[in-house]
Amino acid sequence: MRCLAFLLPLLLLPLVAHAQDEGDTTLTTIESKIDGLERRDGFVPVYWDARIGKVWLEIERFDEEFLYSVALAAGLGSNDVGLDRGQLGGERVVRFERIGPKVLLVQPNLRFRADSESEPERRAVRDAFAESVVWGFDVAAETGDRVLVDATSFVVRDAHGVAQQLKATGQGSFSLDASRSTPYPDVLKAFPDNTELEARLTFTSDEPGPYVRDVAADPNAVTVRVRHSLVRLPDAGYAPRVLDPRSGYFGVAWQDYSNPIGEPLTEQYIARHRLECAGAPDASGRCAAKNPIIYYLDPGTPEPVRSALLDGAGWWATAFEAAGFRDAYRVEMLPDDADPLDVRYNVIQWVHRATRGWSYGSSVIDPRTGEIIKGHVSLGSLRVRQDYLLAEGLLAPYTGDDAAGLRPENDPMLTLALARLRQLSAHEVGHTLGLAHNFAASTYGRASVMDYPAPLATLAADGSVDLSEAYAVGVGPWDVQAVRYGYTPFAPDVEAAGLDTILRENRERGLAYLTDTDARPPGAAAPTAILWDNFGDPVAALDAEMAVRRVALDRFGEAVIREGRPLATLEEALVPLYLRHRYQVEGVAKLVGGVTYSYAARGDGSAPPTPVPADRQRAALDALLATLDPAELRLPDPARTLIPPRPPGYYDDRERFDRRTGPTLDPIAPTEAIATLVLGLLVAPDRAARLVYQHDFDPSLPELDEVLGTAAEAIFAADVSDGYDVELSRTVQTVWVQTLIGLADNSGAAPAVRAQARLHLTMISGRLSRPMSAPETAAHAQWLQAEIQRFLDRDADAAGEPAPLRIPPGSPIGQ
């Protein structure tokens with residue numbers, strides 16, 4: 001017992017000592033903790049400890065909201081993966097909260113709000129929808145109300161979702177390798193209104209995908225840089241502007257649960273820059289801008305591209321003048337000491353990738369109000385080379401003394417490519433001003449840089465291709481009206497009436513507006529929402545494109561490439577030339593089963609949705625089927641006879657036609673590709689359903705049965721005798737049967753559509769059972785008939801069925 005009595009205090013000593021340690025909450029001071037480190041003062045002061053590789057943040061603003069955004073400072077260089085240099089990764093409103101020894105970075109849920117004077121009402125909404133804690137920091141030191149936290153692990157993490165994006169694009173399972181990832185000391189910066197933190201991150205995988213292998217120095221270890229920006233939110237002086245769906249803007253939206261019953265729950269404001277008058281208007285009615293909108297061009301942009309981008313981006317100045325401002329907008333070169341990802345600069349960035357890809361106009365936006373804090377344009381550098389290639393195919397310019405190449409001052413391809421760059425620069429800047437696409441603008445001329453214009457090619461009097469008016473210059477009337485809606489400085493009491501006046505002017509002037517959801521789907525209904533076009537009448541536009549294409553194909557030959565280039569590279573120019581009409585085909589297809597409509601509001605006088613007249617639908621059907629005539633499908637003789645297999649160093653890629661002939665050019669594959677496009681668009685499930693239902697209500701309109709029958713007659717009754725033309729005709733027949741099988745087997749298609757497709761398959765099968773004299777034609781008919789019967793019998797064995805050929809990309813690659 002005496003021994004136990006002696007040991008018990010000894011056993012309790014560690015517990016007492018531990019309790020005393022837990023009660024000791026004294027922290028070292030910030031000054032002693034950061035002794036010897038450089039303080040980078042600014043919005044959130046930052047310290048870099050090079051000895052141990054740590055990033056420290058000094059926090060004193062608690063419960064004060066600010067903006068946190070992520071971006072990719074150095075990217076992968078692949079369009080398909082999409083991890084581009086300068087890519088913005090989204091922004092969120094956050095705040096620091098201190099809870100004992102921890103500091104939490106908290107994101108309130110701004111999607112659901114109560115704009116009410118009542119705190120209990122606001123709290124009821126806040127507590128109903130989950131907020132998020134973005135990160136938790138341990139307090140390492142404190143002085144007064146200021147604390148020091150170790151932010152190293154916050155910075156050195158996959159905040160941009162790089163591994164997830166690589167996996168989503170089929171590039172393998174990558175993981176962040178902490179041993180090869182560190183803060184990036186060159187970008188640990190603090191400014192009065194923002195703090196910039198950056199990390200160099202390495203992601204590893206044992207089985208990287210093909211796109212990573214194409215671009216990474218070592219595909220097993222991909223290193224990028226991720227930027228974190230902590231940004232002071234704008235002050236309360238900004239006045240949000242209501243988003244009207246007819247205005248042409250994108251914006252921000254949330255649910256306001258304090259709105260009166262009977263009023264919309266959703267609040268929507270346009271995205272726009274803050275632009276205010278510095279004083280009273282002058283005699284012209286314009287005022288000087290308090291803080292002009294300035295865009296800065298990436299100094300890494302070479303000439304002559306640099307001048308073209310500056311010129312095109314500068315076009316918007318005229319629109320701001322129309323909105324009532326003087327000198328409110330300009331474009332300059334980015335200063336040498338400026339950082340393109342710094343939120344204080346609106347930037348036009350020149351981005352390099354392995355293949356041509358989309359350009360983007362992104363913004364950092366205050367999600368509370370829609371105010372654009374930073375506009376960030378990313379322009380893909382290879383687009384200009386594709387435009388040059390398009391012009392080479394159209395003009396075949398390398399003849400005589402010019403066979404080796406043209407001088408820049410006398411180069412029509414360069415002239416076209418730079419004209420396109422000006423338009424592209426203006427287009428993407430337009431997005432960062434808040435504007436959405438307007439794909440209806442081409443129906444009333446070259447009315448908007450927010451449309452997608454194709455290079456306008458016409459036939460000159462001598463029969464040659466003329467590209468002198470390939471692209472328009474300057475912003476169009478729609479652009480001016482849109483900027484007026486977003487930026488005109490109305491007094492609060494007259495703003496609603498002023499905005500309504502602009503929308504009324506748009507209607508009266510016929511300035512229609514339709515955007516992506518109405519233009520991009522294969523079965524889209526709006527005949528006015530067309531990408532890459534120049535005309536108001538899609539059928540006339542298709543006829544014009546086919547005429548230009550015919551002339552250019554007739555002239556196709558060695559003169560489309562420079563002397564000394566491998567003849568195999570003729571195919572690079574052939575592909576976009578042969579497929580030149582693809583976009584007009586899409587436009588004409590929208591007339592079949594099409595509906596003309598607008599984003600109408602009650603009382604605005606807009607016409608109701610109206611089916612396209614029957615005669616226009618039938619003319620569109622005839623125009624589409626005419627593109628499948630063997631005479632239009634033939635490859636020019638030089639393409640079939642001059643293009644050899646690819647030499648070493650010039651390997652196949654997606655920009656060429658697929659082939660079933662091994663290394664040699666397949667003269668049939670282009671026909672299969674374009675026929676698949678045309679016929680797939682013609683009987684897209686949505687379009688087919690509209691044809692059924694429109695005819696039910698108006699028997700004068702073409703029905704699906706008529707469209708399928710007309711197509712079958714054109715496809716199977718072609719009067720051809722040339723061996724090549726016969727094979728082209730057989731190819732179109734095969735594609736038609738496969739298209740109908742796909743439609744009949746599509747579980748998402750309307751039952752009436754599937755039934756019609758099945759019926760027409762049986763009709764084609766009966767047609768193919770007729771006696772045929774030519775052995776090849778008989779064999780083809782028997783094979784097609786067997787394919788139809790196998791589907792009708794629901795034979796699951798598809799062994800030996802040829803895989804469909806894909807069509808080479810037209811629009812820029814990557815999404």
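Structure values in brief
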| item | result |
| --- | --- |
| Inter-residue pairs, beta-carbon under 8 Å, first over 18 Å from P183 (Cα atoms) and in contact (Cβ under 8 Å) with a residue 40 or more places away in the chain and in region 50-70, second surrounded by 20 or more Cβ atoms within 10 Å (Cβ to Cβ) and polar (S, T, N, Q), 6+ apart | L67/S229 |
| Residue that is nearest to A547 (Cα to Cα) [pool: residues in region 639-665 that are open to solvent by less than 40 Å² (accessible area, probe 1.4 Å) and either assigned to a helix (DSSP H, G or I) or of a type in the set (K, R) (or both)] | A639 |
| Tally, over region 100-143, of residues that are more than 14 Å from F62 (Cα to Cα) and among the aliphatic types (A, V, I, L, M) | 10 |
| Members of region 436-464 that are among the hydroxyl-bearing types (S, T, Y) and either within 24 Å of L579 (Cα to Cα) or touching a strand residue (DSSP E or B) at 6+ places or on another chain (Cβ under 7 Å) (or both) | S442, T443, Y452, T458, S464 |
| Selection count, region 297-326, where residues are farther than 19 Å from T415 by Cβ, more than 22 Å from the chain's Cα centre (by Cα) and in contact (Cβ under 8 Å) with a residue 40 or more places away in the chain | 9 |
| Within region 601-625, considering residues that are of a type outside the set (G, A, S) and part of a helix (DSSP H, G or I), the one surrounded by the most Cβ atoms within 10 Å (Cβ to Cβ) | L624 |
| Identity of the residue in region 452-495, touching a helix residue (DSSP H, G or I) at 6+ places or on another chain (Cβ under 8 Å) and among the charged types (D, E, K, R), that ends up least open to solvent (accessible area, probe 1.4 Å) | D479 |
| Hits in region 264-288 - residues which are of a type in the set (D, E), assigned to a loop (DSSP other than H, G, I, E, B) and under 24 Å from L435 (Cα atoms) | E276 |
| Odd one out for D138, checked against (1) without any contact (Cβ under 8 Å) to a residue 60 or more places away in the chain; (2) touching a Phe, Trp or Tyr at 6+ places or on another chain (Cβ under 9 Å) | (2) |
| Where L4 falls short, out of the listed (1) modelled with pLDDT of 95 or more; (2) in a helix (DSSP H, G or I) | (1) |
| Residues of region 513-556 satisfying the condition of being open to solvent by 40 Å² or more (accessible area, probe 1.4 Å), small (G, A, S) and in a loop (DSSP other than H, G, I, E, B) | G536 |
| Scope region 392-415; condition closer than 24 Å to S359 by Cα and either surrounded by fewer than 24 Cβ atoms within 10 Å (Cβ to Cβ) or at pLDDT below 95 (or both); matching residues | E392, P412, M413, L414, T415 |
| Residues (of a type in the set (A, V, I, L, M, F, W, C) and closer than 23 Å to R420 by Cα) located in region 512-534 | L514, A519, A529, I530, L531, W532 |
| Single match in S765, S773 (criterion: of a type in the set (S, T, Y) and assigned to a helix (DSSP H, G or I)) | S765 |
| Output for region 222-242, where each listed residue is in contact with an Asp or Glu (Cβ under 7 Å, 6 or more places away or on another chain) and open to solvent by 10 Å² or more (accessible area, probe 1.4 Å) | R225, R232, L233, P234, Y238 |
| Qualifying residue in region 201-212 (condition: of a type in the set (F, W, Y), open to solvent by less than 60 Å² (accessible area, probe 1.4 Å) and modelled with pLDDT under 95) | no |
| Strands (runs of 3 or more DSSP E) (entirely within region 289-366) containing at least 1 residues that are polar (S, T, N, Q) | 346-351, 360-365 |
| Cβ pairs under 8 Å, 6+ apart, first in region 639-659 and of a type in the set (V, I, T), second buried (at least 17 other Cβ atoms within 10 Å of the Cβ) and outside any loop (DSSP other than H, G, I, E, B) | I643/A568; I643/L570; I643/E571; I643/L574 |
| Tally of residues being more than 23 Å from V480 (Cα to Cα), in a strand (DSSP E or B) and touching a residue at least 60 places away in the same chain (Cβ under 8 Å) across region 238-263 | 3 |
| Filter result (open to solvent by 10 Å² or more (accessible area, probe 1.4 Å), out of contact with any Phe, Trp or Tyr (no Cβ under 9 Å at 6 or more places or on another chain) and part of a helix (DSSP H, G or I)) within region 367-391 | V384, R385, Q386, D387, Y388, L389, L390 |
| Output for region 161-182, where each listed residue is under 15 Å from S78 (Cβ atoms), of a type outside the set (A, V, I, L, M, F, W, C) and either touching a strand residue (DSSP E or B) at 6+ places or on another chain (Cβ under 6 Å) or surrounded by 15 or more Cβ atoms within 10 Å (Cβ to Cβ) (or both) | Q165, K167, T169, Q171, G172 |
| Counted residues, region 38-48 - those being modelled with pLDDT under 95 and either open to solvent by 30 Å² or more (accessible area, probe 1.4 Å) or over 15 Å from A190 (Cα atoms) (or both) | 4 |
| Pairs, first closer than 15 Å to H427 by Cα and of a type in the set (A, V, I, L, M) in region 444-457, second open to solvent by 20 Å² or more (accessible area, probe 1.4 Å) and outside any loop (DSSP other than H, G, I, E, B), C-beta under 9 Å, six or more apart | A447/P477; V449/W315; M450/H431; A454/Y583 |
| Hits in region 629-686 - residues which are in contact with a Lys or Arg (Cβ under 7 Å, 6 or more places away or on another chain) and among the acidic types (D, E) | D652, D658, D666 |
| Single residue of region 668-699 satisfying the filter (in a loop (DSSP other than H, G, I, E, B) and within 33 Å of the chain's Cα centre (by Cα)) that is farthest from P751 (Cα to Cα) | I668 |
| Matching residues in region 339-380 - criterion: being over 20 Å from the mean Cα position of the chain (by Cα) and under 20 Å from S307 (Cα atoms) | P340, Y345 |
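The values are calculated or read from the model by the stated rules, or taken from the named source; none is laboratory data. Just so we're clear, the structure is a prediction, and the values are computed from it rather than from any experiment. Virtual Cβ from ideal backbone geometry, glycine too; neighbours counted across all protein chains shown. When the accessible area is computed, the model is the full protein with side chains, heavy atoms only, and any ligands, DNA or RNA have been set aside. Shrake-Rupley method; radii C 1.70, N 1.55, O 1.52, S 1.80 Å.
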